[in-house]
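The values are calculated or read from the model by the stated rules, or taken from the named source; none is laboratory data. Model, not experiment: these values are computed from the prediction. Using ideal geometry, Cβ is built from the backbone for each residue, glycine included, and neighbour counts are taken over all protein chains shown.
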Amino acid sequence: MPEFVHIAVQDYLSALNGPEDGLLQEVRARALADGVPAISPDTGRLLDVLAASSAPGRILEIGTGYGSSGMHLASALAPGGMLFTIERDPARAAIARQHFERAGLASRVSVMVGEAARLVHKVAGPFDLILQDGPKDLYEPLLDRLVGLLRPGGVLVSDNILWQGDVMPGFRSEPAHSAESSAIISRYSQRLAADPRLSTVFLPVGDGVAVSARRDGGAS
């Protein structure tokens, strides 16, 4: 994890949060071994709190991976609620379905396989909560559509907003993170901050998280 926060502070806060569920630890370890992105434990705890605070009935996730973030979200759904999660890689989607089944969440999760740029136009809103954790080059192009899918007061969570070195002076990014993708994340964050439809806070949690609430009556 990048050291956006002093390591001693990270350790203290992690200890307060306590250990993750055993299955979540297993899913995270498998994702790490296979090179598949997975949210950090503290980002997962943030999702727990955000979802639990509103008992959402409908959640949309962009970027299923192996299902770790979806497990956090689906566990907080209101009775009869549903998580719709989009994954472009069929093999990852199949593994995620296995994990949702083991967690007892399969009946509450619909895993959609395909490109998010196409599938977000096939789902109908409104959603109470949307997690954007897909390909970074789609963050900005999909923003208007995702805001339009949110109910007034609904929450858009954007992960990895401090993922790139150029976003935060003095932070050295991983070699695979290009200057181009750094600029993409930076532009997206600036759009969130300036968007009159949203009230946004940026948090140094995990790889950086933006939490945006849709304002009542905001035009899509």
Checklist entry - What is the number of the single condition among (1) modelled with pLDDT under 90; (2) surrounded by fewer than 16 Cβ atoms within 10 Å (Cβ to Cβ) that Ser173 does not meet? => result (2)
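Results for (1) out of contact with any helix residue (DSSP H, G or I) (no Cβ under 6 Å at 6 or more places or on another chain); (2) assigned to a helix (DSSP H, G or I), shown as yes or no for each residue.
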{"residue": "Arg92", "(1), (2)": "yes, yes"}
{"residue": "Phe100", "(1), (2)": "no, yes"}
{"residue": "Ser107", "(1), (2)": "yes, yes"}
{"residue": "His121", "(1), (2)": "yes, no"}
{"residue": "Pro141", "(1), (2)": "yes, yes"}
{"residue": "Val147", "(1), (2)": "yes, yes"}
Item to check | Residue selected from region 13-41 under the condition acidic (Asp, Glu) and at pLDDT 90 or above, by the criterion farthest from Ser69 (Cα to Cα) | outcome: Asp34
Next on the checklist: Need the failing condition index for Gly35 against (1) more than 21 Å from Lys136 (Cβ to Cβ); (2) surrounded by fewer than 16 Cβ atoms within 10 Å (Cβ to Cβ), just the number.
Outcome noted: (1)
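Residue-wise test of (1) without any contact (Cβ under 8 Å) to a residue 24 or more places away in the chain; (2) within 15 Å of the chain's Cα centre (by Cα); (3) under 23 Å from Val147 (Cα atoms).
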position: Ala31; (1), (2), (3): no, no, no
position: Asp42; (1), (2), (3): no, yes, no
position: Arg45; (1), (2), (3): no, yes, no
position: Ala51; (1), (2), (3): no, yes, yes
position: Ser54; (1), (2), (3): no, no, yes
position: Gly70; (1), (2), (3): no, yes, yes
position: Ala78; (1), (2), (3): yes, no, yes
position: Leu83; (1), (2), (3): no, yes, yes
position: Ile86; (1), (2), (3): no, yes, yes
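Could you tell me which of the residues Gly63, Gly81, Gly70 is touching a Ser or Thr at 6+ places or on another chain (Cβ under 7 Å) and at pLDDT 95 or above? Outline the logic, then answer.
On the way: Gly63 fails: touching a Ser or Thr at 6+ places or on another chain (Cβ under 7 Å); Gly81 fails: touching a Ser or Thr at 6+ places or on another chain (Cβ under 7 Å).
That would be Gly70, the only listed residue that is touching a Ser or Thr at 6+ places or on another chain (Cβ under 7 Å) and at pLDDT 95 or above.
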Checklist entry - Does Ala91 count as of a type in the set (Gly, Ala, Ser) and without any contact (Cβ under 8 Å) to a residue 24 or more places away in the chain? => result yes
Checklist outcome for this item: In region 89-129, residues that are in contact with a Leu (Cβ under 8 Å, 6 or more places away or on another chain) and among the aromatic types (Phe, Trp, Tyr) total 1
